[in-house]
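Scroll down for the structure; my scribbles are underneath it.
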Amino acid sequence: MLKTKEILDEKDRRLRTISKEVEFPLSKEDRDLINTMIEYLHDSQIEELAEKYDLRPGMGMSAIQLGVPKRYFVVVNEITEEDDKEQKFETYVLINPKIISNSMEKIYVDEGEGCLSVNRPVEGIVPRYARVTMEAYDMDGKKIHIRGREEIAICFQHELDHLNGILFVDHIDPKNPFKGKDQMRGI
Ligand code: NI
């Protein structure tokens, strides 16, 4: 089981690596790592597990955050509805992902973006496309197209940045953290 302290902190230069494309078939190590990432994100969003195992809640993680410079990331999104008895999640695994189309409209997270590698509060606007279509490969090496909107779109862009050595804080102008707020929609 992955421990929170194993996730690289923003000061770690390895997070600045441009990760390399993955070749198929996927190695056992990569498969295992992907499953470990899914498990962490899933459990981290369940309060009692997060508390018990000291997990920091997160919905996205890239391999490089565990020091593995390969182009894949995982997103675990809660989709629990009111009459569900237990929490439900949807999982995305994107290998060698790229954005093949995006909306003109831009959005940002009102309360500020977060990252499992950034352990401090950061204020400011990170402009993101409201909708993106990603092309990627799944764990079996099959090409997939996934459309993401709103929070999922932001998450895809945030994780894709990780694969290029970029952190969300890099997008924030320290002198004017709320620059462009009027031209975008907060979510
Ligand atoms: Ni992150």
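Overview of results
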quantity	calculated
Pairs, first within 20 Å of Val76 (Cα to Cα) in region 109-121, second away from the ligand (no atom under 13 Å from the Cβ) and among the hydrophobic types (A, V, I, L, M, F, W, C), C-beta under 7 Å, six or more apart	Val109/Ile187
Residues that are crowded, with 20+ Cβ neighbours inside 10 Å and free of Cβ contacts under 8 Å to residues at least 40 places away in the same chain, drawn from region 130-144	Val132
Neighbours by Cβ (under 8 Å, 6+ apart or cross-chain): first from region 15-29, among the aromatic types (Phe, Trp, Tyr); second not in a loop (DSSP other than H, G, I, E, B)	Phe24/Tyr137
Within region 159-181, considering residues that are without any contact (Cβ under 8 Å) to a residue 12 or more places away in the chain and within 17 Å of Arg14 (Cβ to Cβ), the one farthest from the ligand (Cβ to nearest atom)	Asp170
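One line per residue, one yes/no per condition, for (1) surrounded by 14 or more Cβ atoms within 10 Å (Cβ to Cβ); (2) within 12 Å of the ligand (Cβ to nearest atom); (3) farther than 14 Å from Leu2 by Cβ:
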site: Arg31; (1), (2), (3): no, no, yes
site: Thr36; (1), (2), (3): yes, no, no
site: Tyr40; (1), (2), (3): yes, no, no
site: Asp43; (1), (2), (3): yes, no, no
site: Ile46; (1), (2), (3): yes, no, yes
site: Ala50; (1), (2), (3): yes, no, no
site: Tyr53; (1), (2), (3): yes, no, no
site: Gln65; (1), (2), (3): yes, yes, no
site: Val68; (1), (2), (3): yes, no, no
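No lab work stands behind these numbers, since they all come straight from the coordinates. Values in this document were obtained by computation on a predicted structure and should not be read as measured data. Neighbour counts run over all protein chains shown; Cβ positions are idealised from the backbone, glycine included.
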